[in-house]
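Only one structure is covered here, and it is reproduced in the block below.
The values are calculated or read from the model by the stated rules, or taken from the named source; none is laboratory data. Everything numeric in this text was worked out from a predicted model, so none of it was measured. Methodologically, a virtual Cβ is constructed for each residue, glycine included, from the backbone with ideal geometry; neighbour enumeration extends over all protein chains shown.
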Ligand SMILES: Nc1ncnc2c1ncn2[C@@H]1O[C@H](COP(=O)(O)OP(=O)(O)OP(=O)(O)O)[C@@H](O)[C@H]1O
Ligand SMILES: [Mg+2]
């Protein structure tokens, strides 16, 4: 109605009044419709919505009062202005008592007439606005309650625990799964201090950190916590208010005890199988070496050739077993066995020297350059393993004529080691996957290279156990550079 023309119904038996109203009100932009008596007016009203009614009292067929009574009961929201002669003001007052909005006397004073109409229109518009507003409010409230009840049901049915805290770190919302995971029986108050629900200081300090505004929208912190015999993964994130300030935290807890047990069992199993396989293999290898050295009698060329092939296969198998044992160690959190002073330059020199014959065989030049190196606190076996894997890869994945450069330099509290090659490179899509266990890139030029895809995941595990970082840059057909940063002092010291 707000954007449409205001429609006024004039009910009068005198044509001159109807025409007059039509002229004056039409000139002011109102849409005027007319009826000559109450009956016709009611018929009109039944199919045409109007905003204001101007109603004459003295009319044939149906009296103004009768029409007024019917209109008020049928259309209580439409303001009705009574048109009355000078002698019938008393009647007009009666009509106002019945519910008419106002009255005007004939003959009309144009200004007064227009003001009365304007007031009635304003009342009508205001009432319509407030009605629309009321309806919207009701609808919003209904929607809000519906959303709330849906959310409640979802949260209550979830297998994961949900815990919501307010600004004071009091729990204001939780679900049955949370009670089960935290082993709480019985009802809890709402709100209740977080300390009454959970006594894990790591999680509480995370929530305090989030509450102080440490995280942005979309960010969350994931951590493992122990509650009784169970291990839970807790993912916590801030809840923001309409002014974008942190108003509390939301934590979702998942029981990962079974996964953890399975993982441990898998590592134990791998460990056991690898150990059991290694001893007989080492013994077979020793016996083959004895035969190959001719200590069990002279060998013919063909016999020697087959025995050497067998012995090489045993070496490959032993390497695989060692890799599996390394992975199991890393996963059990025992990647760093010792933390001692390590002369990095010496380890690099020794490793490279051991590799040179093999590199030469493949037509690859290996160089190293060390500058500004201080001793680091690390596990020497681990550092050796890192270099071994990276340099072996650099040699294996480079075509003949390639060059491998190892660079190590001190950088403040860190030492940076880079292993650079001029090999086949790794495409952008493959790069994020090469540190995954057993992942190998399928490349036509490196198909003949034997490997299990464990090397880089071992390297990453050892680097991280030293609180270091590893990253890689590569351009296909140009070469690859692995870059490691290790802290000079192991943080366990
Ligand atoms: N320097 C490199 N240049 C090109 N590709 C590489 C390089 N280093 C690693 N890759 C790719 O990453 C994959 C994973 O390397 P990773 O060392 O983990 O396993 P692997 O060499 O295949 O086997 P192994 O476990 O015996 O080391 C390789 O198969 C290879 O495709
Ligand atoms: Mg490798």
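How many residues does the range 27-51 hold that are in a loop (DSSP other than H, G, I, E, B) and either in contact (Cβ under 8 Å) with a residue 40 or more places away in the chain or over 15 Å from residue 121 (Cα atoms) (or both)?
Adding up the residues that qualify gives 8.
Give the range 380-412 a look and list any residue that's assigned to a loop (DSSP other than H, G, I, E, B), more than 12 Å from ligand 1 (Cβ to nearest atom) and more than 38 Å from the chain's Cα centre (by Cα), or say none.
Restricting attention to the range 380-412, the residues satisfying the condition of being assigned to a loop (DSSP other than H, G, I, E, B) are 397-402, 412.
Filter once more, so that each one left must be more than 12 Å from ligand 1 (Cβ to nearest atom): 400-401, 412.
Within the range 380-412, 400, 401 qualify.
I'd like to verify a number: residues in the range 387-406 that are more than 13 Å from ligand 2 (Cβ to nearest atom), surrounded by fewer than 21 Cβ atoms within 10 Å (Cβ to Cβ) and within 13 Å of residue 482 (Cα to Cα), how many?
Summing the residues that are more than 13 Å from ligand 2 (Cβ to nearest atom), surrounded by fewer than 21 Cβ atoms within 10 Å (Cβ to Cβ) and within 13 Å of residue 482 (Cα to Cα) in the range 387-406 gives 1.
How many residues are out of contact with any helix residue (DSSP H, G or I) (no Cβ under 7 Å at 6 or more places or on another chain), under 19 Å from residue 268 (Cα atoms) and not in a helix (DSSP H, G or I) when one looks only at the range 313-345?
Result for the range 313-345: 2.
Going through the range 448-466 one residue at a time, which ones are more than 10 Å from ligand 1 (Cβ to nearest atom), part of a loop (DSSP other than H, G, I, E, B) and surrounded by fewer than 20 Cβ atoms within 10 Å (Cβ to Cβ)?
The one that is more than 10 Å from ligand 1 (Cβ to nearest atom), part of a loop (DSSP other than H, G, I, E, B) and surrounded by fewer than 20 Cβ atoms within 10 Å (Cβ to Cβ): 448.
Is it the case that some residue within the range 235-256 is under 29 Å from residue 332 (Cα atoms) and without any contact (Cβ under 8 Å) to a residue 24 or more places away in the chain?
yes
Look through 415, 441 and report the one residue that is in the same structural domain as residue 384 (by TED's automatic domain parsing), crowded, with 16+ Cβ neighbours inside 10 Å and more than 13 Å from ligand 2 (Cβ to nearest atom).
Of the residues listed, the single one that is in the same structural domain as residue 384 (by TED's automatic domain parsing), crowded, with 16+ Cβ neighbours inside 10 Å and more than 13 Å from ligand 2 (Cβ to nearest atom) is 415.
Which ranges mark the helices (runs of 4 or more DSSP H) fully within the range 192-304 that have 3 or more residues being crowded, with 17+ Cβ neighbours inside 10 Å and in contact with a strand residue (DSSP E or B) (Cβ under 8 Å, 6 or more places away or on another chain)?
By residue number, 201-211.
Pairs, please: C-beta under 6 Å, at least 6 apart or cross-chain, first residue in the same structural domain as residue 453 (by TED's automatic domain parsing) and more than 15 Å from residue 479 (Cα to Cα) and in the range 393-412, second within 15 Å of ligand 1 (Cβ to nearest atom) and in a strand (DSSP E or B)?
407/418; 408/417
Just to be sure, is residue 12 modelled with pLDDT of 90 or more, in contact with a helix residue (DSSP H, G or I) (Cβ under 9 Å, 6 or more places away or on another chain) and over 24 Å from residue 127 (Cβ atoms)? Quick ask: steps written out before the conclusion?
Working: modelled with pLDDT of 90 or more: yes; in contact with a helix residue (DSSP H, G or I) (Cβ under 9 Å, 6 or more places away or on another chain): yes; over 24 Å from residue 127 (Cβ atoms): yes.
Considered against the rule, which asks whether it is modelled with pLDDT of 90 or more, in contact with a helix residue (DSSP H, G or I) (Cβ under 9 Å, 6 or more places away or on another chain) and over 24 Å from residue 127 (Cβ atoms), residue 12 comes out as yes.
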